[in-house]
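The values are calculated or read from the model by the stated rules, or taken from the named source; none is laboratory data. Since this is a predicted model, take the numbers as computed values, not measurements. All Cβ positions, even for glycine, are placed from backbone atoms using ideal geometry, and neighbour counts span all protein chains on display. Ligands, DNA and RNA are stripped out before the accessible areas are found, and what is left, the full protein with its side chains, is counted by its heavy atoms. Shrake-Rupley method; radii C 1.70, N 1.55, O 1.52, S 1.80 Å.
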Amino acid sequence: MSRAVAGGTVSSGRMRACTRPPGRRPVPRTGRESAQEPSPHASAASATSAASADRRARGSTSAIASSVELATSIDRHARGQGRVVPVLLEVHLTDEPTKFGFPAADLEAAIERMVDLAGIRIEGLMTIAPLDAPGEAARPYFRRLRALRDRVAGSFPQLSWRHLSMGMTNDYEVAVEEGSTLVRVGRAIFGEHS
């Protein structure tokens, strides 16, 4: 972790602990979702997004959009407050049904639908490597996200693409080597969930 801190990737002023409240489980995915077809559980995810969009619109914390519908909800709430919320687009690069995000193949079409939303500012991509792929085993996922970011940056140069959010306590060093600008190291700081 000291290498990441020395490199400026983690700082006390910008670090965000991304943890799920006790007892909350991810919304199950069916595997049928795409950028054009919302998850059958999208309303639960949208409700969560809508409840937190107000809080995010007031601060500088980036929101994470895992679907066009979520981005649209964040946009609506932000515009209602006269704000623009920085957003990272979550990309689903694994076969794990508990992970969320845009399938890589659908990302450009989804961005096309979100690029003109006035209440959000797309600033990059994020992903979570498989839990059974710590350290070096996560590298291919991080490389793939970086390559995907480079591709969409060429297609949408009007957007910033300044952030790659990837890497957690078990694999943040590899993520930083692959270009991560935001890491999630809550377990290293706060310990395991009880």
Problem - Residue count, segment 123-136 (criterion: in contact with a helix residue (DSSP H, G or I) (Cβ under 8 Å, 6 or more places away or on another chain) and either open to solvent by 30 Å² or more (accessible area, probe 1.4 Å) or more than 12 Å from Ser66 (Cα to Cα) (or both)) - result: 6
Handout entry: Long-range neighbours under 6 Å by Cβ, at least six apart or interchain, first residue within 13 Å of Ile128 (Cα to Cα) and open to solvent by less than 10 Å² (accessible area, probe 1.4 Å) within segment 76-102, second hydroxyl-bearing (Ser, Thr, Tyr) and assigned to a loop (DSSP other than H, G, I, E, B)
Key = Leu88/Ser62; Val91/Thr127; Gly101/Ser66
Exercise for the section: Consider Leu148 carefully, then state whether it is in contact (Cβ under 8 Å) with a residue 12 or more places away in the chain, open to solvent by less than 80 Å² (accessible area, probe 1.4 Å) and under 15 Å from the mean Cα position of the chain (by Cα). Expected result: yes
Problem - Qualifying position, being modelled with pLDDT under 95, among the small types (Gly, Ala, Ser), surrounded by 14 or more Cβ atoms within 10 Å (Cβ to Cβ) and not in a loop (DSSP other than H, G, I, E, B), among Ala153, Ala175 - result: Ala175
